[in-house]
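Inspection log for the structure reproduced underneath, given as structure tokens.
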Amino acid sequence: MGGFMKKLCLYTRACVDNRAMSKKEHVSETPATQMLRAHRIEFTEHPYEYLEHGGALHSASVLGWDPFHVVKTLIMQDQDAKPLVVLMHGNRKVSTKNLARQIGAKSVQPCQPEVANRHSGYLVGGTSPFGTRRDMPVYIEESILTLPRILINGGRRGYLVGIDPQVCVSLLQATRVNCALAE
């Protein structure tokens, strides 16, 4: 078979394989996707093989995305144990001192996993800022809003959704903060 025909066959097979894969990639509804659909927010689904403690760096690697564009959802609490949500780049850490100063708190710290699960209604590793069990203030690293598209958890482990980052502000009333540290 000639080079052109061989490439065409490989391309055609890849297209068929991708179409078959995309049909299988639909994930059942979560509170997050229900909220997005209820507000007519367009999103793409990105399931992947979940790895315990793999985090955003693992999902970015598996899905072929830059970890700067994969946003992690962190459940934290202030000095009075009031919960809050922080949206941060997958390859950055949160400066809790800077965050506390910007939101007028004495201190901020991550919640223990079981506490985070209770506040959000999601398991750690599958926490979405959309459709949380409890209403919590949401803070978003401001540089996330400069990106054209992000991947963020869709409400279960091994499942991200692709959205316009402005949705976080319009739908969640997320407050912009500048608290990123290089990881």
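Simple spin-label estimate for residue 181 and residue 28 gives 4.0 nm between the two label positions (7 Å along the Cα-to-Cβ direction from each Cα). Going from the fewest other Cβ atoms within 10 Å to the most, the residues 68, 43 appear in the order 68, 43. If only the Cβ of Lys and Arg carry +1 and only the Cβ of Asp and Glu carry -1, the dipole of segment 27-182 around its Cα centre is close to 380 debye.
Residue order for 44, 96, fewest other beta carbons within 10 angstrom first, comes to 44, 96. Amide H contacts of residue 82: none lie under 5 Å away among residues 5 or more positions distant or on a separate chain (H built 1.01 Å from N in the peptide plane; Pro and chain starts excluded).
Applying the Karplus relation 6.51 cos²θ - 1.76 cosθ + 1.60 with θ = phi - 60° to segment 83-99 yields 3J(HN,Hα) values of x, 8, 10, 10, 9, 9, 3, x, 10, 10, 10, 9, 7, 5, 5, 5, 4 Hz, where x marks Gly and Pro. The alpha-carbon of residue 72 sits under 12 angstrom from the alpha-carbons of these aspartates and glutamates, leaving out residues fewer than 8 places away in its chain: 141. Counted over segment 42-183 with a bin width of 5 Å, the fraction of Cα pairs per bin, in whole percents, is 2, 11, 22, 25, 23, 13, 4, 1. As a test, work out the antiparallel percent of DSSP beta bridges whose residues both lie in segment 27-182, rounded to the nearest 5. If I count the DSSP bridges inside segment 27-182, around 75 percent turn out antiparallel. Within the shell of other residues whose beta carbon sits under 11 angstrom from the beta carbon of residue 157, the net charge comes to -1, with Lys and Arg scored +1 and Asp and Glu -1.
The fewest-to-most ranking of 39, 89 by surrounding Cβ atoms within 10 Å reads 39, 89.
FYI, it's all coordinate maths here, none of it is from the lab. All figures in this text were calculated on a predicted structure; none of them were measured in a lab. Neighbour counts run over all protein chains shown; Cβ positions are idealised from the backbone, glycine included.
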